[in-house]
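Quick note: the coordinates plus some simple rules give every number you see, no bench work behind them. Since this is a predicted model, take the numbers as computed values, not measurements. For neighbour counting, all protein chains shown are included, and Cβ atoms are generated from backbone atoms with ideal geometry for every residue, glycine included.
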């Protein structure tokens, strides 16, 4: 096995462990004394935290979930370049070997969040961490994902619609920005995982039963049948 492959595997495993940290659960417990796995949709992501605890907790969850993906991708980018490829990151961008190593790390970020090793392989739905990791992979991709998400969510208030569309567009953005086909493959797998994690939301969207996004209000009783998308 080449030195590059070894370091790519090390940082992909690191991505899985770091991005598996369930910030939504931790923050909801600390700020609202709520186990978000037992209320609303049962998801640990931003949307369920917003509905179950409120704006502050949701904002912090979103920030930390995105940050863990972004920070780890930036660490991996510079470390893999320095340890295996001579350290010149700028000249390595979009090359097949470096691009593939980084997209494998990106996939590790998504898998860690969706199948958290700290929650018996349950977790969130991968949108916030995916956005942060996409910024670290190549920031225009993250910007494209965010733009598509907002274009769909702002007028409809269906977070799941924007989430699924953004995930589906991820391999397309990579292709548009010049990533080689072999490097796009791990990203395509990550997109499938995120869409799979939203499978119930997709069914409800098709049936016209998906709940529109709203924040938890103080004194408001949580709805046990909350069916929203979590990030």
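Structure above, values below:
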quantity: Relative contact order for region 1-128, counting Cα pairs under 8 Å that sit 6 or more residues apart, in percent; calculated: 38 percent
quantity: Theoretical ellipticity at 222 nm over the chain - DSSP helices of four or more residues, -39500 (n - 2.57) apiece, nearest 500; calculated: -22500 deg cm²/dmol
quantity: Base-10 log of normalised Debye intensity for region 1-84 (one unit scatterer per alpha-carbon) at q = 0.11, 0.13 Å⁻¹; calculated: -0.39, -0.50
quantity: Paramagnetic reach from residue 150 (point 7 Å along Cα→Cβ, amide N under 16 Å) across region 43-65; calculated: 63
quantity: Theoretical gain in end-to-end length, residue 78 to residue 157 [0.36 nm per residue, Cα-Cα removed]; calculated: 24.7 nm
quantity: Sorted by Cβ neighbour density within 10 Å, fewest at the top, the residues 179, 115, 121; calculated: 121, 115, 179
quantity: Structure-derived Kirkwood radius over Cα pairs in Å: which label, when the choices are (i) 17.6; (ii) 19.7; (iii) 18.5; calculated: (i)
quantity: Sequence of 206, 114, 187 once ranked by neighbouring C-beta atoms within 10 Å, starting from the fewest; calculated: 206, 114, 187
quantity: Distribution of pairwise C-alpha distances over region 49-95, 5 Å bins, in %; calculated: 5, 20, 18, 14, 10, 10, 8, 8, 7, 1
quantity: Region 32-48 and region 141-220: distance between their alpha carbon centers, rounded to Å; calculated: 20 Å
quantity: Alpha-carbon centroids, region 51-73 and region 95-134: separation in whole Å; calculated: 15 Å
quantity: Ranked 35, 88, 65, 93, criterion: other C-beta atoms within 10 Å, fewest first; calculated: 88, 35, 93, 65
